[in-house]
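For reference, the structure discussed in these notes is given below.
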Amino acid sequence: ERLSDLPIVGPPGIGKTTLIQTLCNDPRIQEHFSIIWISVSLNFSVHRLSQEIFRCIPPTESDGRSRAQEPTNLDQLQKLIEKRLKSKRFLVVLDDMWRCKSELDWRTLLAPLTKAELDGNMIIVTTRFQSIAELVKTTNPVTLAGLEPKEFWKFFLACIFDDYRTEQDEGLLQIGRKIVEKLKCSPLAARTVGRLLKKDLTQQHWIRVLQRKEWEYQKGDDDIMPALRISYYYLPFHLKKCFEFCALFPEDYEFDGLELINMWMVLGMIDSNGTNTSIEQVGLEYLNTLVDSGIFSKVNKEAYSYYSVHDLFHELATCISSHECIRIDCSNVRCEGIQSAVRHISFITQDSNTYSEGSEFYENIRKEIGKLKQTVDVGNLRTLLFIGKFNAVFDKIFEDISQELRALRVLSLVT
């Protein structure tokens, strides 16, 4: 086929993204395809995704002036995508796709990809929703379920003891089998709870984990959120605050370690305890501890490395920090229900070029920001983040807020 669409479907935490990462890291795949990886998440915007695809494709010699500046017009953008991919065999991964408004939007996104000259091009979509799989598929979806119980038990033990074949205390194993029943054969749950159990190989600790009340709130056969909540509960207070702060960033955000540590530092979340160790080094130890706990992941690429948070942990951070941290999506601003104690706010946008003064968006966001100012004491905000692409329209919208800031410690504009 010229272009095939393959959905990978499964509940959150089952390993969809890990499976595709393993696939894309295989030298045979890298040799055969030009690989384009896009994180979709909640925001399915044809324009935004076309921009992301365009940025992932190296420019050609014939691009001319277009190499210097990315076009803002969708039609021009897609013509350049078509031009750059025309003679390539490509694999496009659309990871963690939650929604798509219509089949028309999907076909519009794919339009420049269908004009490739070579056969055998692939689109892989990972999603937790069967309806999305049915919308995009041209081949039968691959459905991922939990590991088989025997294999899951081996994996669980390997997460704790590094080798499931090692002889262990039978009392611990009996408690472990009861805990495993609550993990729904989910690799993410096994890895997270396994690392918690690994820290203290005593029956008392394992029984306390088994008897946590969070297990009582488990919903359905795929719900592993209680396991993640328990892992959060056992974090020291200072690490809980550092983790909660991540709710300000969008899903699948690539955290620069030093950038994040600097934010924690100026907000007073890092304590060097009067030792000779620098605050930066203590912050790095915090980050490494969150990685060891399975909450953060460190991703190493050829040119750089970054940290990421699984979308379920991101969901958890958003839930537990809502009294202090609010993330506002500028494409659909809603400021009802925000608590007055909020001290950290972020504004996220992608398609700033579609906004203009006097537009429906402009009037709506001004109205919603007015509601925000009535609820939150803007003068006491500690953090204000702007993440994405912002233009002069946003300058006017946020001018009033900027004049009221008195206690700000972090101001960041991330493009």
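The values are calculated or read from the model by the stated rules, or taken from the named source; none is laboratory data. Everything numeric in this text was worked out from a predicted model, so none of it was measured. Cβ atoms come from the backbone with ideal geometry, glycine included; neighbour counts cover every protein chain shown. Note: areas computed on protein heavy atoms with side chains; ligands, DNA, RNA excluded. Shrake-Rupley method; radii C 1.70, N 1.55, O 1.52, S 1.80 Å.
A 1.4 Å probe run over the chain, with the rest of the protein chains in place, finds 50 Å² accessible per residue.
At a Förster radius of 41 Å, what calculated FRET efficiency corresponds to the Cβ-Cβ distance of K150 and E31, to the nearest 0.05? Taking R0 as 41 Å, the efficiency between K150 and E31 is 0.70. Comparing Cα centroids, segment 108-173 and segment 231-247 end up 28 angstrom apart. Sparse packing (at most 15 other Cβ atoms within 10 Å of the Cβ) combined with a DSSP loop state is found for the following GluC sites (Glu not before Pro) in segment 227-281: E254.
Loop-resident chymotrypsin sites (Phe, Trp or Tyr not before Pro) (DSSP state other than H, G, I, E or B) in segment 85-155 with no more than 16 further Cβ atoms inside 10 Å of their Cβ: W98, F129. With distances taken between every two different alpha-carbon atoms, segment 234-341 has a Kirkwood hydrodynamic radius of 14.9 Å. For segment 120-254, with equal point scatterers placed on the C-alpha atoms only and solvent neglected, what are the log10 I(q)/I(0) values from the Debye formula at q = 0.14 1/Å, to two decimals? Debye intensities relative to I(0), on a log10 scale: -0.79.
Of all DSSP bridge pairs formed entirely within the chain, close to 15 percent run antiparallel. Placing unit charges on the Cβ atoms of the charged side chains and taking the dipole of the chain about its Cα centre, the candidate lying farthest along the positive direction among L372, N300, I224 is I224. By the helix-only formula, in which each DSSP H run with n ≥ 4 contributes -39500 (n - 2.57) and the sum is divided by residues, the chain has a 222 nm mean residue ellipticity of -12500 deg cm²/dmol.
Local charge for R2 was computed over the other residues whose Cβ lies under 10 Å away, with Lys and Arg +1 and Asp and Glu -1, and equals -2.
Overall dimensions of segment 310-352, expressed as equivalent-ellipsoid semi-axes from the Cα gyration tensor (√(5λ), whole Å, largest first), are 18, 15, 8. What percentage of all Cα-Cα pairs in segment 199-240 are separated by more than 17 Å? That fraction is 39 percent. For I123, the residues 5 or more places off, or on other chains, whose built amide H falls under 5 Å of its own are S4, D5, L6, V92. Taking K and R as +1 and D and E as -1, what net charge do the other residues with C-beta under 15 Å from the C-beta of D119 add up to? Around D119, the charge tally is +2.
Think of each Lys and Arg Cβ as +1 and each Asp and Glu Cβ as -1; about the Cα centre, that makes the dipole of segment 164-310 roughly 580 debye. Please enumerate, by chain and number, the lysines with C-alpha under 22 Å from the C-alpha of K298, excluding those fewer than 8 residues away in the same chain. K298 reaches K16, K198, K199, K240, K241.
Once Rh for segment 182-265 is found with the Kirkwood sum over Cα pairs, what is the Stokes-Einstein diffusion coefficient at 20 °C and 1.002 mPa s, in µm²/s? The calculation lands on 147 µm²/s. Against the empirical curve 2.2 N^0.38 Å, the C-alpha radius of gyration of segment 12-102 lands at a ratio of 1.19. Listed by chain and number, the lysines whose C-alpha is less than 27 Å from the C-alpha of K115, apart from same-chain residues fewer than 8 away, are K79, K83, K86, K88, K101, K137. Three semi-axes describe the equivalent ellipsoid of the chain; taken as square roots of 5 times the Cα gyration tensor eigenvalues and ordered largest first, they are 36, 32, 20 Å. Within a Cβ distance under 12 Å of W37, other residues only, what is the Lys/Arg minus Asp/Glu net charge? Net charge in that neighbourhood comes out at -3.
Rounded, prolate or oblate: which fits segment 35-154 when a ≥ b ≥ c are the square roots of the eigenvalues of the alpha-carbon gyration tensor, with rounded for a/c under 1.5 and prolate only if a/b beats b/c? Note, shape of segment 35-154 comes out prolate.
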